[in-house]
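Since the structure comes first, as structure tokens, the remarks are kept for the end.
The values are calculated or read from the model by the stated rules, or taken from the named source; none is laboratory data. Just so you know, these numbers come straight off a predicted model, no measurement behind them. Every residue, glycine among them, receives a Cβ derived from its backbone with ideal geometry; neighbour counts consider all protein chains shown. Just the protein is used for accessible areas: all its heavy atoms, side chains included, with ligands, DNA and RNA removed. Shrake-Rupley method; radii C 1.70, N 1.55, O 1.52, S 1.80 Å.
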Amino acid sequence: MHIADGVLGTPVVAAAAVVAAGTLVYAARGMKSEDVPRVGLLAAAFFVSSLFRIPMGITSVHPVLIGLTGVMLGRRAPLAIFLGLLLQAMLFGHGGLTTLGVNTLIMGLPALFAGWAFAATRRYPVLPRGFMAGVVGVIGGTLLVVAFLSLSSEMYSQGPFSLINLVLLTHLPIVIIEGFLTGFAARLLYRTRPEVLGIEEQRRENRAE
Amino acid sequence: MSTLHIQQEVDTYAGLDSWMHRWEPRLKIGAGLVFVVGVVLLQSPLLAAVALGIAVAAAVSSRLPLSFLITRWLWVLPFLAIMALSLSMGGGLGASGEGLTLAFLVSMKALTALTIMITLVGTQPLSALMNAFTQMRLPHLPVMALLLACRYLFCFRDELQVRQRAFAARAFQPKPNRRTVSVYGETTASMLLGALDRSEQVHRAMVARGFDGRLRTSPPRAINYTDLAKGVFSVASVTLLLLVDRGFPI
């Protein structure tokens, strides 16, 4: 789900960087020092999630944790994802420097939406809510990758084996895996420490009390 | 593998001595970023290849072994190869010249950016790079979160390796089924909970010692003329490439 330097056109990269900067300002606004450990923690978890390998035919897939980051951090999720992407680019060379904004949007916006969707459906059991958050995260990210590629060059969508078709095909199994993984993770968090499921949710409840 | 060992792995070539190692980190980050942005703007595949040559020369002259670079390239080469295949043969059998040219251009740019990044990160200790971020007048809470993330990721990697050994000891074989996803989901959650508890304890300990959300680091090293000259050379080289790319008569 990472887009490397040089893949996208300059106007797309520049526009995405501006929107990503706005998203990060929104994510960081009102941040307090007690939020810092959790944001750092989820940024690291987002980075390390790629080390979980699930064999799939001749290759393997790994979770991305977009939904779980959204569920646990709410509006701070894009910030954690940006920091995780920065570390991935610096230490592993995954993604890119000029595409940091693009990649932040690809994963940060679906994480925000997944977090909101999880909080908005609190009347339902946590396992399906977590599943939905995981699915929303990956589908949203994949659609944004497709949108950015389509906006950059027509060549990315030409032919049955086009890059866009490959992106859609390879992310299909990840949708299901991410959905279940986020669901199981959210269920365990709910059973043991329900207060960690969303800073915003927790704050609203505290205010209500 | 301990946390210390993994950190040493990242810092393998950080202790060497070269022009890149002696470059002031803030200026080095800035110049590297400008170089990468300039390379991404190139439209000529040949000039993008020249940029890659410059990046490799910078890395090798910084005493980073070529084998180290190639190992890092191997992480992205499969993705670039798939992209090249898709662009050149996406419409069916028979390679498209236009697609191949685009694939070559994108690959050159991606490898150049990666090489610059490897050189930036590999030519000083990771802690010095993180200190440079704190000294760049960026918003302090996100920078603090970055420093903590950098620390946690090594802890997570250690813990994950311990858990993977525990899985292997119990003859657990990951498969694309519900059980594997359930085990990985609950492992992720329990690792997060453990780390969250530790991070909250650390935060309380820091607050008890007077931490007010602001990191105090030693003052940055003064930028000298040699640092500036390296920055000017780096920016000038990519500017020259851009001018040639745009057909400016030189």
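State, in square angstrom and to the nearest 100, the accessible area buried between chains B and A, both chains counted, probe radius 1.4 Å.
Chains B and A together bury approximately 5600 Å².
Counting pairs of Cα atoms in chain A, how many percent are more than 25 Å apart?
36
Quick one: accessible area per residue over chain B, 1.4 Å probe, rounded to a whole number of Å²?
Normalised by residue count, the accessible surface of chain B is 50 Å².
When the label point is put 7 Å from the Cα of B:Glu186 along its Cα-to-beta-carbon vector, which residues of region A:173-188 have a backbone N closer than 19 Å?
Once the point is set 7 Å along Cα→Cβ of B:Glu186, A:177-188 turn out to lie under 19 Å by backbone N, inside region A:173-188.
If the label point is 7 Å along Cα→Cβ of A:Thr192, which residues in region B:181-209 have backbone nitrogen under 12 Å from it?
B:185-198
Evaluate peptide A:92-104: per residue, the Cβ atoms of other protein chains within 10 Å of its Cβ; return the mean as an integer.
4
How much FRET efficiency would the formula 1/(1 + (r/R0)^6) give for B:Gln173 and B:Leu193, where r is the Cβ-Cβ distance and R0 is 22 Å, rounded to 0.05?
For B:Gln173 and B:Leu193, the calculated efficiency is 0.30.
In nm, to one decimal, how far is the modelled label at B:Arg204 from the one at B:Val244, with both set 7 Å along Cα→Cβ?
Result: 6.2 nm between the two label points.
Take the solvent-accessible surface of the protein heavy atoms, probe 1.4 Å, and return the percent of it on the protein assembly as shown that carbon and sulfur atoms account for.
66
Order B:76-87, B:185-196 from most to least packed using the mean count of other Cβ atoms within 10 Å.
So the order, starting with the most tightly packed, is B:185-196, B:76-87.
Restricting to DSSP H runs of at least four residues, report the calculated mean residue ellipticity at 222 nm for the protein assembly as shown, -39500 (n - 2.57) per run over all residues, nearest 500 deg cm²/dmol.
About -24000 deg cm²/dmol.
Enumerate the calculated ³J(HN,Hα) couplings along region B:232-245 in order (Karplus 6.51 cos²θ - 1.76 cosθ + 1.60, θ = phi - 60°), each rounded to whole Hz, writing x wherever the residue is Gly or Pro.
After applying 6.51 cos²θ - 1.76 cosθ + 1.60, I find 5, 4, 5, 5, 5, 5, 6, 5, 4, 4, 5, 5, 5, 4 Hz.
Using the Kirkwood radius over Cα pairs, work out the Stokes-Einstein diffusion coefficient for region B:136-208 at 4 °C and 1.567 mPa s, in µm²/s as a whole number.
Estimated via Stokes-Einstein, D reaches 90 µm²/s.
Need one value for A:80-90: mean number of C-beta atoms belonging to other chains within 10 Å of its residues' C-beta atoms.
4
Quick one: Cα convex hull volume of the protein assembly as shown, Å³ per residue?
Residue-normalised Cα hull volume stands at 153 Å³.
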